[in-house]
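Participant: Okay, here's the structure, questions in a sec.
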Number of protein chains: 2
Amino acid sequence: MCGTDTATGGRVIKNSTVPPPCNHNPPVSESTENGTRSVVNNLSSEIPLNLDHGDPRMFESYWKKVGDRCKFTIEGHESLSYFANPKNLCWFLEPKLEEEIKKLHKMVGNVKVEEEEDQFIIVGNGSSQLIQAAFYALSPLDDSNPINVVSAAPYYSCYPEMADLLKSGLYKWGGDAHSFNDKEEPFIEMVTSPNNPSGVIREPVVNGGGAKGKVIYDLAYYWPQYTPITAKLDHDLMLFTVSKCTGHAGSRIGWAIVKDKEVAKRMIKFMEISTIGVAKESQLRAAKLLGVISDSCSNVWSPNFESFFEYGHLVLKERWEKLREVVKKNPLLSLQKYPLQYCHFFGDFSESHPAFAWMNCKNGSKDLEKILRGNKILVRSGRRFGTDPNYVRISMVCKEEEFNLFLQRLSTIKEISD
Amino acid sequence: MCGTDTATGGRVIKNSTVPPPCNHNPPVSESTENGTRSVVNNLSSEIPLNLDHGDPRMFESYWKKVGDRCKFTIEGHESLSYFANPKNLCWFLEPKLEEEIKKLHKMVGNVKVEEEEDQFIIVGNGSSQLIQAAFYALSPLDDSNPINVVSAAPYYSCYPEMADLLKSGLYKWGGDAHSFNDKEEPFIEMVTSPNNPSGVIREPVVNGGGAKGKVIYDLAYYWPQYTPITAKLDHDLMLFTVSKCTGHAGSRIGWAIVKDKEVAKRMIKFMEISTIGVAKESQLRAAKLLGVISDSCSNVWSPNFESFFEYGHLVLKERWEKLREVVKKNPLLSLQKYPLQYCHFFGDFSESHPAFAWMNCKNGSKDLEKILRGNKILVRSGRRFGTDPNYVRISMVCKEEEFNLFLQRLSTIKEISD
């Protein structure tokens, strides 16, 4: 997307000098000539609709309904110290946040919650920072070559930039895990499950590495609103983020669940040097919000109050049904399919309803991102995910009116031609 | 400090495996055998008093007095988006925080505040992260060797680790700026003013580099409670942090003031990839706290309500006087001296009263950190700042009862012997 010309807000964007932000739901990156950006979608018919980034504004309406139960207040004299819990290995983790994280995982059943010394929780400024902390922690301690970081295409578009930004001598981007052949060398495999962009459940693909391969599970979307919860995961290094769980992307709170104490210590060291921990206000507010989600699932307020996950599941299910209807009518477009699976949390069978649609043009030679852009829909090209330009990733967690406009514009595309 | 044996909390600390955290006021780093840390000082006579880190708890009592005026509240449906201000180059900076930063700088007169396009404000997760963003932004874009980051000894103890953590191919630690001779090569000089650890006002020391030398001004302590405000600074790249300004270290909010738009863009790119911006809760609370400080200086509440800077100045002045009294009585100890200077903010002459005392043993062959440790006072050795072990840095911004205990223990040291 960077460096291309795009009409936005009636202004022509030329040769953007700001590279695309790199995140789980990257904000749109185009700078206009006067330095402003178009990210808050103006729904006028003349203005492109931005679904490139995955800003989770969909969840605002739920939090409005919850009202004062999720209001957060802090006094001026509170939380001055660097320390949140000096007794914890992760001294900057608020005990209340740790408690609510564990409570929610137990309730949802998506992760096996262990005793204190068998499992370490590390808080980060979003899971992006924790990915980098994990790269650091899993790199060889000796003076060997930088370890390869690989991930199966289509992989999350920001992993390459995270791995290569500082030209580290510890780790470097090694490309598509499917074509990683140097199995005698140590490597780190990023397994994003459900996958960003495609929404499918994943396992590692590099076999034969044995003890030399280390796996980071990026489980940002392993929550009931997006996918059936089929198993209590119990991997060595798992990452989550509040952005995708509650929708509070602005809070920049992620957490890692780590089994090995030495790996946890190195991740904490990275966090100390990178940012000296994580803002306490955000941690305490996140604790409150996670607690509200747990409460909403326990029917503590009123039996008729919809739980957070029910709300998210229903909204996304409806959006996916509407999108599939529109796509079905267009002979040239196709969407990723998902199996029907039993969700232990909802106690029912369901398909996945991912936060992103992974759409492709059946005629593989087309540039689908460009075609949609021509129809005033901005999405992220498959190229960015290490795959073909006939694929695109489209945010499904935008605001209701944005989603409706998207369907309206998509349904008017009669012919697919570059 | 790391790797040494220290008695803490009645337990013996052995071979700490967690390296010292790296920050402006680093938390104590020793892990006890059972993984816990002693950072909240227990004032029992048996337990070492930790003044190694600069946790600014001194300011809590002021914020208590301010009461509800500094209470911060946020609703559950607010600030979900990644974006704070899409119109700003720094799209994750809350407009209210930018406004309050500028208002406070104008009121204090420590920085020349310019028009929008002549000066860019970038928010970070503490100034630590912005230091790393600045290293990235000032590194050569071509494939040349990593640029040297230098700073005049005694330099802030965490710069070396920040520069070398990831073995970056873009920048590396180059040591004491006084002995940096390769002036034909590009370099970055960190100028910490007032200096951490010594509290003195500083200027760059590497001359002759000309256009090849780039300077980062770390101005964390350039506030009236610590030092006379003698000039409105107007450098290319200046860094500040809420931790040292208001005392809210737990909020992890720093800001950079940058003149060059391309440098600002690269710093923003680093922030995007590193953490996708900065928690909104902390930014909004910091805005509120900075606003309260401005109000306190404008006498908007009552004419008798002490301003934040008066409070900080008076407490630190008194602490320094008491410390100098104790040190004067000990023929072997000495403290850094500061000139009397006119402070434009207070409209009066004053000495500096830094956040750290930089103390030395007149007999230069002694290990002062070890001696104080033997007297149950934990401080940071001069070695860590690139200088002699007969120097130590001692936090002056601890809680009142900790400071009194420090004086009491220091005054009982009769003989200096290793």
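The values are calculated or read from the model by the stated rules, or taken from the named source; none is laboratory data. Not measured: the values here are computed from a predicted model. When we count neighbours, we look across all protein chains shown, and the Cβ atoms used for this are built from the backbone with ideal geometry, even at glycine.
Participant: Select from region B:59-68 the residues that are more than 7 Å from chain A (Cβ to nearest Cβ) and surrounded by fewer than 21 Cβ atoms within 10 Å (Cβ to Cβ) and write down the one among them that is farthest from the chain's Cα centre (by Cα). Step through it out loud before you land on a result.
Facilitator: Of all residues in region B:59-68, those more than 7 Å from chain A (Cβ to nearest Cβ) come to B:61-62, B:65, B:67-68.
Next, only the ones that are surrounded by fewer than 21 Cβ atoms within 10 Å (Cβ to Cβ) stay: B:61, B:65, B:67-68.
Values: B:61: 20, B:65: 24, B:67: 26, B:68: 28 Å.
Among those residues, the one meeting the criterion is B:68.
Participant: Residues being among the acidic types (Asp, Glu), assigned to a loop (DSSP other than H, G, I, E, B) and under 24 Å from residue B:337 (Cα atoms): count how many of those fall in region B:157-208. Steps first, answer last, please.
Facilitator: Filtering region B:157-208 for residues among the acidic types (Asp, Glu) gives B:161, B:164, B:176, B:182, B:184-185, B:189, B:203.
If we keep only those that are assigned to a loop (DSSP other than H, G, I, E, B) as well, we get B:182, B:184-185, B:203.
Now narrow it down to the ones that are under 24 Å from residue B:337 (Cα atoms): B:203.
Residues in region B:157-208 being among the acidic types (Asp, Glu), assigned to a loop (DSSP other than H, G, I, E, B) and under 24 Å from residue B:337 (Cα atoms): 1 in total.
Participant: Then there is this: Hey, could you check region A:209-245 for residues that are of a type in the set (A, V, I, L, M) and assigned to a loop (DSSP other than H, G, I, E, B) and say which is farthest from residue A:286 (Cα to Cα)?
Facilitator: We begin by selecting, within region A:209-245, every residue of a type in the set (A, V, I, L, M); these are A:211, A:215-216, A:219-220, A:229, A:231, A:233, A:237-239, A:242.
The next check asks that each one be assigned to a loop (DSSP other than H, G, I, E, B); those that pass are A:219-220, A:229, A:231.
Working: A:219: 18, A:220: 15, A:229: 22, A:231: 25 Å.
Only one residue fits best here, namely A:231.
Participant: Also, quick follow-up: List, please: which pairs have Cβ atoms under 8 Å, are six or more places apart or on different chains, and start with a residue in region A:319-347 that is within 15 Å of residue A:199 (Cβ to Cβ) and end with one that is of a type in the set (Lys, Arg)?
Facilitator: Going by the 8 Å Cβ cut-off, the qualifying pairs are A:334/A:362; A:335/A:324.
This table checks each residue for (1) assigned to a helix (DSSP H, G or I); (2) within 21 Å of residue B:81 (Cα to Cα); (3) among the hydroxyl-bearing types (Ser, Thr, Tyr).
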residue: B:247; (1), (2), (3): no, no, no
residue: B:262; (1), (2), (3): yes, no, no
residue: B:285; (1), (2), (3): yes, yes, no
residue: B:302; (1), (2), (3): no, no, yes
residue: B:311; (1), (2), (3): yes, no, yes
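Participant: Please note which strands (runs of 3 or more DSSP E) are completely contained in region A:334-404 and include at least 3 residues that are under 30 Å from residue A:109 (Cβ atoms) and either among the aromatic types (Phe, Trp, Tyr) or within 16 Å of the chain's Cα centre (by Cα) (or both).
Facilitator: Working: elements: A:341-343, A:348-350, A:356-361, A:391-395.
So the answer is A:356-361, A:391-395.
Participant: Mind checking which pairs have a first residue in region B:229-258 that is within 21 Å of residue B:53 (Cα to Cα) and among the acidic types (Asp, Glu) and a second that is in a loop (DSSP other than H, G, I, E, B) and at pLDDT 95 or above, Cβ under 7 Å, 6 or more apart or different chains?
Facilitator: Note: no pairs meet the criteria.
Participant: Here is a list: A:338, A:342. Which entry is within 18 Å of residue A:222 (Cα to Cα), in contact with an Asp or Glu (Cβ under 8 Å, 6 or more places away or on another chain) and buried (at least 16 other Cβ atoms within 10 Å of the Cβ)? Lay out the reasoning, then the answer.
Facilitator: Numbers: A:342 fails: buried (at least 16 other Cβ atoms within 10 Å of the Cβ).
Step by step, each of A:338, A:342 is checked, and only A:338 is within 18 Å of residue A:222 (Cα to Cα), in contact with an Asp or Glu (Cβ under 8 Å, 6 or more places away or on another chain) and buried (at least 16 other Cβ atoms within 10 Å of the Cβ).
Participant: Using beta carbons and a limit of 7 Å, which pairs, at least six apart or on different chains, have the first residue in region A:93-113 and within 14 Å of residue A:240 (Cβ to Cβ) and without any contact (Cβ under 8 Å) to a residue 60 or more places away in the chain and the second one surrounded by fewer than 23 Cβ atoms within 10 Å (Cβ to Cβ) and of a type in the set (D, E, K, R)?
Facilitator: A:113/A:102; A:113/A:106
Participant: Still on this structure: Regarding residue A:226, is this residue at pLDDT 95 or above and under 15 Å from residue A:156 (Cα atoms)? Write out each step before concluding.
Facilitator: Values: at pLDDT 95 or above: yes; under 15 Å from residue A:156 (Cα atoms): no.
Here the answer is no, as residue A:226 does not meet what is asked.
Yes/no matrix, rows are residues, columns are (1) in contact with a Leu (Cβ under 7 Å, 6 or more places away or on another chain); (2) farther than 29 Å from residue A:279 by Cα; (3) of a type in the set (S, T, N, Q); (4) outside any loop (DSSP other than H, G, I, E, B):
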position: B:272; (1), (2), (3), (4): no, no, no, yes
position: B:282; (1), (2), (3), (4): no, no, yes, yes
position: B:299; (1), (2), (3), (4): no, yes, yes, no
position: B:324; (1), (2), (3), (4): yes, yes, no, yes
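Here is a yes/no grid of residues against (1) facing another protein chain (nearest Cβ under 7 Å); (2) over 27 Å from residue B:268 (Cα atoms); (3) at pLDDT below 95:
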residue: A:3; (1), (2), (3): no, no, yes
residue: A:11; (1), (2), (3): no, no, yes
residue: A:18; (1), (2), (3): yes, no, yes
residue: A:57; (1), (2), (3): yes, no, no
residue: A:70; (1), (2), (3): yes, yes, no
residue: A:75; (1), (2), (3): yes, yes, no
residue: A:78; (1), (2), (3): no, yes, no
residue: A:92; (1), (2), (3): no, no, no
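Participant: Moving on. Any residue that is surrounded by fewer than 23 Cβ atoms within 10 Å (Cβ to Cβ) and closer than 15 Å to residue A:235 by Cα - is there at least one of those in region A:121-131?
Facilitator: Taking region A:121-131 and keeping what is surrounded by fewer than 23 Cβ atoms within 10 Å (Cβ to Cβ), we get A:121.
From what is left, the residues that are closer than 15 Å to residue A:235 by Cα are A:121.
Within region A:121-131, one or more residues are surrounded by fewer than 23 Cβ atoms within 10 Å (Cβ to Cβ) and closer than 15 Å to residue A:235 by Cα.
Participant: When region B:173-189 is examined, which residues are found to be among the hydrophobic types (A, V, I, L, M, F, W, C) and closer than 16 Å to residue B:134 by Cα? Lay out the reasoning, then the answer.
Facilitator: Pass one, region B:173-189, residues among the hydrophobic types (A, V, I, L, M, F, W, C): B:173, B:177, B:180, B:187-188.
The answer is B:173, B:187, B:188.
Participant: Of everything in region B:207-252, what is in contact with a Ser or Thr (Cβ under 9 Å, 6 or more places away or on another chain), over 20 Å from residue B:118 (Cα atoms) and of a type in the set (Ser, Thr, Tyr)? Give them in sequence order.
Facilitator: Result: B:221, B:222, B:226, B:227, B:241, B:243, B:251.
Participant: Moving on. Yes or no: residue B:216 farther than 21 Å from residue B:316 by Cβ, surrounded by 20 or more Cβ atoms within 10 Å (Cβ to Cβ) and under 18 Å from the mean Cα position of the chain (by Cα)? Full working, then the answer.
Facilitator: Working: farther than 21 Å from residue B:316 by Cβ: yes; surrounded by 20 or more Cβ atoms within 10 Å (Cβ to Cβ): yes; under 18 Å from the mean Cα position of the chain (by Cα): yes.
Answer is yes for this residue.
Participant: Can you tell me which residue among A:277, A:250, A:291 is crowded, with 24+ Cβ neighbours inside 10 Å, within 14 Å of another protein chain (Cβ to nearest Cβ) and over 19 Å from the mean Cα position of the chain (by Cα)? Outline the logic, then answer.
Facilitator: Numbers: A:250 fails: over 19 Å from the mean Cα position of the chain (by Cα); A:291 fails: crowded, with 24+ Cβ neighbours inside 10 Å.
From the options A:277, A:250, A:291, the qualifying one is A:277.
Participant: Moving on. Can you pull out every residue in region A:392-416 that is more than 26 Å from residue B:81 (Cα to Cα) and of a type outside the set (S, T, N, Q)? Don't jump to the end; show me each part of the working.
Facilitator: Within region A:392-416, the first condition is being more than 26 Å from residue B:81 (Cα to Cα), and the residues that meet it are A:411-416.
Once the filter is applied, which keeps residues that are more than 26 Å from residue B:81 (Cα to Cα) and of a type outside the set (S, T, N, Q), region A:392-416 yields A:413, A:414, A:415, A:416.
Participant: Moving on to the next point. When the residues of region B:144-178 are narrowed to those that are more than 9 Å from chain A (Cβ to nearest Cβ) and charged (D, E, K, R), which ends up farthest from the chain's Cα centre (by Cα)? If you could, list the steps in order and put the result at the bottom.
Facilitator: From region B:144-178, those more than 9 Å from chain A (Cβ to nearest Cβ) are B:144-145, B:147-157, B:159-160, B:163-164, B:172-178; that's our starting set.
Restricting the remaining residues to those that are charged (D, E, K, R) gives B:164, B:172, B:176.
Numbers: B:164: 20, B:172: 21, B:176: 19 Å.
Per the stated criteria, the residue is B:172.
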